[in-house]
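Asker: Just passing along the structure, written as structure tokens.
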Amino acid sequence: MREKVAIAGVGYTAFTSVSPGVSYRELTYEAAVKAYEEAGVEPKDVDSFVCTSEDFLEGYSISDEYCNDQLGAVLKPVQTIPGDFMHSLAVGVMHILTGKFDIVVVQALSKASNMKTIPEMINFALDPVLNRPLDVTPYAVAGLEMNRFLEEGRATREQCAAVVVKNKANALLNPLAGYGASITVDHVLESEPVAEPVRLLDIAPYADGAVVMVLCSERVAPSLTDRPVWITGIGWSTDSPTLESRDWVDAVSVRLAGDMAYRMAGVKCPAKEVDLAEVNDEISFKELQHLEALRLFDEGAAGKATEDGKTSLEGTLPVNPSGGGLGVGHLFECSGAQKVLELVLQLRGEAGARQVAGAGVGVAQAWRGIPTTSAAVAVLCAD
Amino acid sequence: MELERFELGATHYKESDLKEGKLLSLPWTPNLKYAWDNGVAIGRYLAELKEGRIIARKCNKCRRIMLPPRMFCEMCWRPTDEWVYVKDTGRVNTYSVCYVNWDASRIKKGEKPHLPAVIEIDGASPGMGILHLLGEVEPEDIKIGMWVRAVWKKPEEREGAITDILYFKPVRR
Ligand SMILES: [Zn+2]
């Protein structure tokens, strides 16, 4: 029998461009209360907490020490992952699959609005000796990659713009999303150039928000929830950071993370078995690149499929029904959490106006953002 | 042979080697700025400090009156219930006498040492209070358990910050 872990409760805030009324602690508390309420648990019932936090994103060093209070995790087993929420999710799944933990809480937060020098912060992630002295925007990393992706004939510029149009339209149906809009391909193509071919509307705008999830073992799942969503596969991978010699066309780490997750889930033919996907679209073309890396479309086919509406809400494989990063906002280390959250809502049939019909198997994929190559992928199934 | 000195030993570098460029390194100063949303609890706390008052938050389950205030009780896992004004007096829980500055540089000759202290504030639950500085006291006269009172900035100089209190000074009881 295949191993699986249940998501027994999800809690979340809306995803907004600013959140000045609440501290990061109060924001997280809101998400935690909702998640625990849904799963009918209290912190004392939780065997382990896994938080997600990166010092430079929080503006604290050793920021993981500040995660506990708002989760009720004081004096409990806690650990913090400096990565995406989905990396923390992988840790939570592993805890449960050891058989030593029945209930694990996983958390992520974005207070992007509190970072006043985001371009500098991202620039600070570049190699200090070989890259930073050139004084170019870190978005150049996306521009360089997109240019090569287009040159290889993997998509057209218009097809990348169609991703933005689709995702912002989906976001209009998502009450949690902050950046929904009704726009056209021309709006994207005529928006301000940033790091050509990347233009302003190709980039996911920043957002604040918090997500908390309660995971549990198959053994205790029936006592916590009557509508579990199952994590049947999870995988992660990171490429070399070296910009001078990385693969500029394919998201190789996403391919490997996806294959790892599919292997665990027993998914043999993703394009046939997956009903919907939430993939990273921090830059428009990344959605297409990631869909192909995840074997949901053949190489060079995702752009055309997007243009043809196959990835729309009514399409054969709806992609980013939530609105994705382009429509919900770029949530930094909380980005993957928003993706898993959307799949949970979709697989439970609770996605309201953007509900995908017949959602049974979903794939969520996170990328840690410019300039990284870190990826994580999860396969989720309805009960 | 000169290189061998660098390769084989762990402690053979001299400051002059760096100055003379024998060892190459690349300095970088990040420009990172943040502005944290204080939120409900700390926002009110700071607003009250501006008025020369200290406010706490009470949990009606464990009955703790908490400083700094928080909108949820991290021990009972429930929202806190009431705002409670507490006094600006208290007792020294612990203190230290610091002869180095925050950046580890030594204080100047003749300069008084920094005197950080945890003050258990009157009206707050035992063990809860304010981390602040002691003043108007010689280091050798400080005792754990001694009574102190806040010395505030002038009202027009307060800005809604923990530094609206200048320091705590000893008081007789
Ligand atoms: Zn309490």
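Asker: Can you tell me how many residues within the stretch B:49-72 are more than 16 Å from the ligand (Cβ to nearest atom) and under 18 Å from the mean Cα position of the chain (by Cα)? Let's see the steps before the verdict.
Answerer: Narrowing the stretch B:49-72 to residues more than 16 Å from the ligand (Cβ to nearest atom): B:49-55.
Right, trim to under 18 Å from the mean Cα position of the chain (by Cα) and you get B:49-50, B:54-55.
Qualifying residue count for the region: 4.
Asker: Let me ask something additional. Filter the stretch A:38-84 for residues that are within 11 Å of chain B (Cβ to nearest Cβ) and β-branched (V, I, T) and give the result.
Answerer: A:V41, A:V46, A:V74
Asker: Just one of B:G21, B:G43 is over 29 Å from A:K116 (Cβ atoms) and either more than 16 Å from the ligand (Cβ to nearest atom) or not in a loop (DSSP other than H, G, I, E, B) (or both); which is it?
Answerer: Numbers: B:G43 fails: over 29 Å from A:K116 (Cβ atoms).
Going through B:G21, B:G43 in turn, just one is over 29 Å from A:K116 (Cβ atoms) and either more than 16 Å from the ligand (Cβ to nearest atom) or not in a loop (DSSP other than H, G, I, E, B) (or both): B:G21.
Asker: If only one of B:D122, B:D37, B:D141, B:D88 is of a type in the set (D, E), under 27 Å from A:S61 (Cβ atoms) and more than 16 Å from the ligand (Cβ to nearest atom), which one is it? Talk me through it step by step, then tell me what you get.
Answerer: On the way: B:D122 fails: under 27 Å from A:S61 (Cβ atoms); B:D141 fails: under 27 Å from A:S61 (Cβ atoms); B:D88 fails: under 27 Å from A:S61 (Cβ atoms).
Only one candidate qualifies: B:D37.
Residue by residue, here is whether (1) buried (at least 19 other Cβ atoms within 10 Å of the Cβ); (2) part of a helix (DSSP H, G or I); (3) free of Cβ contacts under 8 Å to residues at least 40 places away in the same chain holds:
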| residue | (1), (2), (3) |
| --- | --- |
| A:A73 | yes, no, yes |
| A:K76 | no, no, yes |
| A:M86 | yes, yes, no |
| A:V91 | yes, yes, no |
| A:V105 | yes, no, no |
| A:S113 | no, yes, no |
| A:P128 | no, no, yes |
| A:T137 | no, no, no |
| A:N147 | no, yes, no |
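Asker: Can you tell me which residues in the stretch B:61-79 are farther than 30 Å from B:R173 by Cβ and in a loop (DSSP other than H, G, I, E, B)? Walk me through it before giving the result.
Answerer: Taking the stretch B:61-79 and keeping what is farther than 30 Å from B:R173 by Cβ, we get B:61, B:71-79.
Those that are farther than 30 Å from B:R173 by Cβ and in a loop (DSSP other than H, G, I, E, B): B:K61, B:M71, B:E74, B:M75, B:C76, B:W77.
Asker: State which residue is farthest from the other protein chains (Cβ to nearest Cβ) when the search covers only the stretch B:75-85 and only residues that are within 16 Å of the ligand (Cβ to nearest atom) and in contact (Cβ under 8 Å) with a residue 12 or more places away in the chain.
Answerer: Going through the stretch B:75-85, the residues within 16 Å of the ligand (Cβ to nearest atom) turn out to be B:75-84.
This time we only want the ones that are in contact (Cβ under 8 Å) with a residue 12 or more places away in the chain, so: B:75-76, B:78, B:80-84.
Values: B:M75: 7, B:C76: 9, B:R78: 9, B:T80: 11, B:D81: 15, B:E82: 17, B:W83: 15, B:V84: 19 Å.
Among them, the one singled out is B:V84.
Asker: Could I ask something else about it? Where in the stretch A:242-297 are there helices (runs of 4 or more DSSP H), lying fully within it, with 2 or more residues that are of a type in the set (S, T, Y) and over 21 Å from A:Q159 (Cβ atoms)? Working first, answer last.
Answerer: Numbers: elements: A:252-265, A:270-273, A:284-293.
Ranges flagged: A:252-265.
Asker: How many residues are in a loop (DSSP other than H, G, I, E, B) and buried (at least 17 other Cβ atoms within 10 Å of the Cβ) when one looks only at the stretch B:124-152? Let's see the steps before the verdict.
Answerer: As a first pass, look at the stretch B:124-152 and keep what is in a loop (DSSP other than H, G, I, E, B): B:125-128, B:135-138, B:142-146.
Of the ones still in play, those that are also buried (at least 17 other Cβ atoms within 10 Å of the Cβ) are B:125, B:128, B:137, B:142, B:146.
Final tally of qualifying residues: 5.
Asker: With respect to the numbered conditions (1) buried (at least 18 other Cβ atoms within 10 Å of the Cβ); (2) closer than 19 Å to A:F85 by Cβ; (3) not hydroxyl-bearing (S, T, Y), which one is the sole condition not fulfilled by A:V22?
Answerer: Going through (1) buried (at least 18 other Cβ atoms within 10 Å of the Cβ); (2) closer than 19 Å to A:F85 by Cβ; (3) not hydroxyl-bearing (S, T, Y) one by one, A:V22 breaks only (2).
Asker: Within the stretch B:50-63, track down each residue that is touching a residue at least 24 places away in the same chain (Cβ under 8 Å) and within 13 Å of chain A (Cβ to nearest Cβ).
Answerer: Correct list: B:R57 only.
Asker: Still on this structure, please answer the following. Within the stretch A:5-24, which residues are touching a strand residue (DSSP E or B) at 6+ places or on another chain (Cβ under 8 Å) and within 12 Å of chain B (Cβ to nearest Cβ)?
Answerer: Here is the first cut: in the stretch A:5-24, the residues touching a strand residue (DSSP E or B) at 6+ places or on another chain (Cβ under 8 Å) are A:5-19, A:24.
Of everything in the stretch A:5-24, those that are touching a strand residue (DSSP E or B) at 6+ places or on another chain (Cβ under 8 Å) and within 12 Å of chain B (Cβ to nearest Cβ) turn out to be A:T16, A:V18, A:S19, A:Y24.
Every read-out reported here was derived from the displayed coordinates using simple, explicitly stated rules and does not represent laboratory data. Quantities reported herein were computed from a predicted structural model and do not represent experimental measurements. We place every Cβ from the backbone using ideal geometry, glycine too, and count neighbours over all the protein chains shown.
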